[in-house]
Structures are given as structure tokens and as C-alpha cells.
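A quick write-up on the structure given underneath.
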Amino acid sequence: MSNVNFLKKYHDLLADQLVAEKIPAATTILEQGDVAHNLYFIDQGCLRLWHNDGEKDITMQFFFAGQMVSAFESLYLATASLYSIETLETTTLYKLDRKALLGLMHRSEALQQDALNYICTRFINYQHYFLSRIKDSPAARYRELVANEPRIVARVPQHYIASYLGITAVSLSRIKNRRP
């Protein structure tokens, strides 16, 4: 379910709970190690969710207008986040704090079900992402990205795309310059 549909469907529950924010590009809205206190509904812009393993940043996912983002494990369990979230473009979003979210979910079984469906879909996407990292070559991962997520290729800086694909920026450049 997209933000638009989610926000329309639950307008009466959410309207007075959402806080609108406009955030400049290259702004971290959640630091790895901090507890996630908010769920974000993206109105405009682009964000990335990433992990720093001490040596390098590993981009896990990109988010665009019409999507929701948070470090869900941290948000749900109120534990330290394994991820950071940062804006890649100037981003307008709506913020819903954890306490309000949990209260709303307690009051609405339909909201609980839609939240569960969204999280399950994200989990399934992560499974595909990790399996692709194991079974597919970097070139195959890039071709799949171009075919299935052209907005990432069009809007995200190359070094973040390389990180997402699990390769260096130099390797990505070589893959892009190869003839099919």
C-alpha cells in the first residue's frame, strides 16, 4: 500500500498525529545505534537506509515518494537501530512517532493488518535482495536494477548504487561501459 492510499484510508486516525517536515539533502534522520522513534511517510524526495560495518557503508534500500520508511526492528522493539537513514535529495515527509503509531494500531485492527502486510512485503523484498547478492553476478544485479528500478538508476548517486549492489564504484563503471 502506498503512502497516498495508506494516508487516505487512515486519514481520520492519522490526521492530527502526523508532523510535516522538509529536510535538506544529505541529512541523517536516524543514526545507526540510536533508537528509531518515528515512522516516515515520504511525500517528495529520496532516502537511503544503510549500515556501516566499520570499514564501509552498505546501502540496503532506497525509498521514494509514496513509500514509508523506518528502521522497523528498532521502531518495534525500541532497540538500537542497525541502520542509518539519510536523505539523498531535499525531502518532504510526514512523521508519526512510535507511541502514536502503537496507539493507533491498538485501536484499529485494519491498520494492524495493513502494517503487517507492508512489513511482510519489505521482508520478502529483503530476502530477494540477499539471495540476489549470493546467486547473481554484479552485472546481473545491475541489469535487474535497471529493468526493475529505473528511478534508482536515474536519481541515486553512482557510489550509493554500487554500495547497494555490493560492488565498488569502479566495478559499477566497468559494468555500465560493457557492451551487451
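The values are calculated or read from the model by the stated rules, or taken from the named source; none is laboratory data. The structure displayed is predicted, hence computed values, not measured ones. Here the Cβ is made from the backbone with ideal geometry for all residues, glycine too, and neighbour counts use every protein chain on show.
What do you reckon, is ALA65 in contact with a Gly (Cβ under 8 Å, 6 or more places away or on another chain), surrounded by 17 or more Cβ atoms within 10 Å (Cβ to Cβ), within 26 Å of GLN127 (Cα to Cα) and touching a residue at least 60 places away in the same chain (Cβ under 8 Å)?
Yes; evaluated as a whole, the condition is true for this residue.
Residue check: LYS8 meets all listed conditions (1) in contact (Cβ under 8 Å) with a residue 60 or more places away in the chain; (2) farther than 27 Å from ALA154 by Cβ; (3) among the basic types (Lys, Arg) but one, namely (1). In the range 159-170, the residue that is surrounded by the most Cβ atoms within 10 Å (Cβ to Cβ) out of those that are assigned to a helix (DSSP H, G or I) and touching a helix residue (DSSP H, G or I) at 6+ places or on another chain (Cβ under 6 Å) is LEU165. Does LYS56 qualify as being out of contact with any strand residue (DSSP E or B) (no Cβ under 7 Å at 6 or more places or on another chain), in contact (Cβ under 8 Å) with a residue 12 or more places away in the chain and charged (D, E, K, R)? Spelling it out, LYS56 is indeed out of contact with any strand residue (DSSP E or B) (no Cβ under 7 Å at 6 or more places or on another chain), in contact (Cβ under 8 Å) with a residue 12 or more places away in the chain and charged (D, E, K, R). Within the option set LEU145, LEU116, being in a helix (DSSP H, G or I), out of contact with any strand residue (DSSP E or B) (no Cβ under 9 Å at 6 or more places or on another chain) and modelled with pLDDT under 90 holds for one residue only, LEU116. List, please: which pairs have Cβ atoms under 8 Å, are six or more places apart or on different chains, and start with a residue in the range 136-154 that is hydroxyl-bearing (Ser, Thr, Tyr) and end with one that is surrounded by fewer than 14 Cβ atoms within 10 Å (Cβ to Cβ)? Here the result reads TYR142/LYS176, each pair linking the range 136-154 to a residue that is surrounded by fewer than 14 Cβ atoms within 10 Å (Cβ to Cβ).
Candidates in the range 11-50 are the residues that are surrounded by fewer than 19 Cβ atoms within 10 Å (Cβ to Cβ) and of a type in the set (Ser, Thr, Tyr); of these, the one that is farthest from THR79 (Cα to Cα) is THR27.
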